[in-house]
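Engineer: Below you will find the structure I want to go over with you.
We did not get these values from a lab; they are worked out from the coordinates using the rules stated. Please read these numbers as outputs of a predicted model, since none were measured by experiment. Positions of Cβ are backbone-derived with ideal geometry, glycine not excepted, and every protein chain shown enters the neighbour counts.
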Amino acid sequence: MQAFITLYSKELKRFLRIWTQTLLPPIINQTLYLTIFGSIIGSKIGEIAGVSYIQFILPGLLMMSVVMGTYSNVVSSFFGSKFQRSVEELLVAPVSNFTILQGYCLGGISRGIIAGVLVLLTSLVFSSFQIHSIALVLIYTFLSSYVFAQAGFLNGLFAKKFDDVSIFPTFILNPLIFFGGVFYDISTLPSHLKIISQLNPITYMIEGYRYSFLGIQGQQTTKTILVLALFAIGLTWINMHYLNKGKGLKS
Amino acid sequence: MSSIKIQNLRKEYSNKVQALKGIDLEIQEGDFHALLGSNGAGKTTTIGILTDLVKKTSGTVEIAGIDIEKNFNQAKKLIGVVPQEMNFNIFEKVEDIVIQQAGFYGLNKKQATEKTHEILKSLSLYDKKEQISRTLSGGMKRRLMIARSLVHDPKILILDEPTAGVDVKLRHEMYEFLTDLNKKGVTILLTTHYLEEAELLCDKISIIKEGEIIISGKKEKVLNDLSTQIYLFESQNFKPQSLKNYKLSKTENKNEFQVQINKNQSLNQFLKESLAENFTFESIKPKTNRLEQLYLELT
């Protein structure tokens, strides 16, 4: 347990030490989205599902901050320690692979949540927000960030150079987020695009988040939680499998 | 009791390179053991397997009787390792690096901080504890890695070329530190390219060549069993070509020659054969046997 606490506090210290690189950018980015899409364009769009456009996109933007913050923290920290070989400090010590995995992941989740809270506070400048179910907000925040923490760790395990760290977020993650319904209502899509959207795990996260904030029902809550839980378990299993094999860490 | 017991250890990398070809090695509790070998001989692979950085292909490794296959985490608690290359986070403070390592070994924050301060003082790094590690000099970085390896009071310390790039003064301070540590009961396994280091510090030596241990035992025994005895003698009428069974050479000094007596020959026999040729000797003395010479001959 002490090893886990040590690794987690090391991760916390790391991203707090470089807060201008880790916590400031999401505030700037989401402020731009809220200004341009929310205030300027949103005022011309009017209401969606009974709420203003800026309120409609806010849950998606929060989710984006949480998952991107989580993902980039885990992948950059873990790959950085591989690159510098400081990960050997953990490998030579009596620390289980599960502790290593969850230590890095909880560090990333913490950054994601702090980024989300900061964005939420910043959004108050533009609009008020409501919370339909605080319990669901917490469940979705944790499950979504956990899934992305595990995905980031997997990316870090396989990455051999710094380019490999940015390929997945740029070419896969960003399109999935933007097509996950951050800026639009999935239910307004043609049926074939709706089916494709249902294959995108981020759709579940955003719609679930939107429901827990605004009460606008997208996917069924049980189904959403089940899908996220399956991704969480599946990715954890894959990471443990590769960690036990020493993938990218031991020759 | 064996601190480290390696039996028939093999390692074949994915590129089919056989780094270890079934080595056996036993290091007793309290030993100061040198593992010598040229680059690529298998030293770092051996250390990698002992410290869980390299996966073995086959064979068994026991640390203080604990099979690493069965309970590596228990075995790891007994080991401290100083790697060949710097492997700490260059953006972190000296103190944080050591405290964190203590935490990975289960020490709580208070215990870790106390132990870290103690070890930093003993390695003359306490004044640098707030410094970012990348700003340290090369020698200080080495000492930091030693501090980090000792923070959990290991029974076995494994050092992979720890004095590479360290200046002479610092190197000798490190020798004293390691000798004291060994006297306190810590078993030490050392690989080094500084052969005088092994000669000066270690009581047992193993030499590894192309993935095989070719000799292992007490330092004196290793030297006696396999080394060539070299003698220097002065003679005014000696003719090297007359004694073809011996490896003879002329030194830089006037009338001085060198003879190498291998383990199948004897000095007595050489003298008898020389006298039979009517050679006379003004003086004869043994040349100090240097481990380096033996090492170069074997590897």
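Engineer: Once Rh is set to the Kirkwood radius over Cα pairs, what Stokes-Einstein translational diffusion coefficient, in µm²/s, holds for the range B:1-132 at a temperature of 20 °C and a viscosity of 1.002 mPa s?
Structural biologist: Reported coefficient: 128 µm²/s.
Engineer: Roughly what % of DSSP beta bridges within chain B run antiparallel, to the nearest 5?
Structural biologist: 70
Engineer: Taking only pairs that are 8 or more places apart or on different chains, how many Lys pairs in the range A:120-251 have Cα atoms under 29 angstrom apart?
Structural biologist: So the count works out to 7.
Engineer: At a 10 Å Cβ-Cβ cut-off, how would you order B:Leu190, A:Leu118, A:Leu34, fewest neighbours first?
Structural biologist: In increasing order of surrounding Cβ atoms, one gets A:Leu118, A:Leu34, B:Leu190.
Engineer: Related question: Average projected area of the Cα convex hull of the protein assembly as shown, in nm²?
Structural biologist: Convex hull of Cα atoms, orientation-averaged projection: 32.5 nm².
Engineer: Return the aspartates and glutamates within reach of B:Lys155: Cα separation strictly under 13 angstrom, same-chain partners fewer than 8 residues apart disregarded; answer none if there are no such residues.
Structural biologist: B:Glu29, B:Asp31
Engineer: What is the Cα coordinate range of the range A:62-161 on the first, second and third principal axes, sorted by size from largest, in whole angstrom?
Structural biologist: If we take the Cα atoms of the range A:62-161, the spans are 50, 25, 18 Å.
Engineer: In whole Å, what is the distance between the alpha-carbon centres of the range B:32-100 and the range A:179-247?
Structural biologist: 42
Engineer: Straight-line reach only, C-alpha to C-alpha below 25 angstrom: list the lysines that B:Lys221 could link to, leaving out same-chain residues fewer than 8 apart.
Structural biologist: Of all the lysines, those that pass the test against B:Lys221 - Cα under 25 Å, at least 8 places apart if same chain - are B:Lys5, B:Lys21, B:Lys43, B:Lys183, B:Lys184, B:Lys204, B:Lys209, B:Lys247, B:Lys263, B:Lys285, B:Lys287.
Engineer: Let me ask you something else. Could you work out the mean projected area of the convex hull around the alpha carbons of chain B, in square nanometres to one decimal?
Structural biologist: Taking a quarter of the hull surface, the average projection is 19.1 nm².
Engineer: I need the Debye-formula profile for the range B:89-153: one equal scatterer per C-alpha, no solvent, reported as log10 I(q)/I(0) at q = 0.15, 0.18, 0.21, 0.23 1/Å, two decimals.
Structural biologist: Values, matching the q order: -0.36, -0.52, -0.72, -0.86.
Engineer: I want the antiparallel fraction of DSSP beta bridges within the protein assembly as shown, as a percent rounded to 5.
Structural biologist: Percentage antiparallel, nearest 5: 70.
Engineer: Further question on the same structure: Based on the alpha-carbon gyration tensor of the range B:124-264 and its eigenvalue square roots a ≥ b ≥ c, which shape applies: rounded if a/c is under 1.5, prolate if not and a/b is larger than b/c, or oblate?
Structural biologist: It comes out prolate by the Cα gyration axes.
Engineer: Take B:Ser249, A:Ser86 and order them by how many other Cβ atoms sit within 10 Å, fewest up front.
Structural biologist: With the sparsest Cβ surroundings first, the list reads B:Ser249, A:Ser86.
Engineer: How large is the convex hull of the Cα atoms of the range A:1-81 per residue, expressed in Å³ as a whole number?
Structural biologist: Taking the convex hull of the Cα positions in the range A:1-81, it is 101 Å³ per residue.
Engineer: Just report the Cα centroid separation between the range A:158-174 and the range B:244-284, whole Å.
Structural biologist: Distance between centres, Cα-based: 71 Å.
Engineer: Can you grab the distance from the C-alpha centre of the range B:184-203 to the C-alpha centre of the range A:31-62, Å, no decimals?
Structural biologist: 69
Engineer: To make sure I understand, if each residue's beta carbon is the centre and we count other beta carbons within 10 Å, what order do B:Met140, B:Met1 fall in, fewest to most?
Structural biologist: Arranged by neighbour count, lowest to highest, B:Met140, B:Met1 become B:Met1, B:Met140.
Engineer: Kindly provide the pair-distance distribution of the range A:2-245 built from C-alpha pairs, with 10 Å bins from 0 and whole-percent values in order of increasing distance.
Structural biologist: P(r) for the range A:2-245, in whole percents per bin: 8, 32, 35, 19, 6, 1.
Engineer: Where does helix A:24-33 land angle-wise versus the long Cα axis of chain A, in degrees 0 to 90, nearest 10?
Structural biologist: Here the helix axis deviates by roughly 20 degrees.
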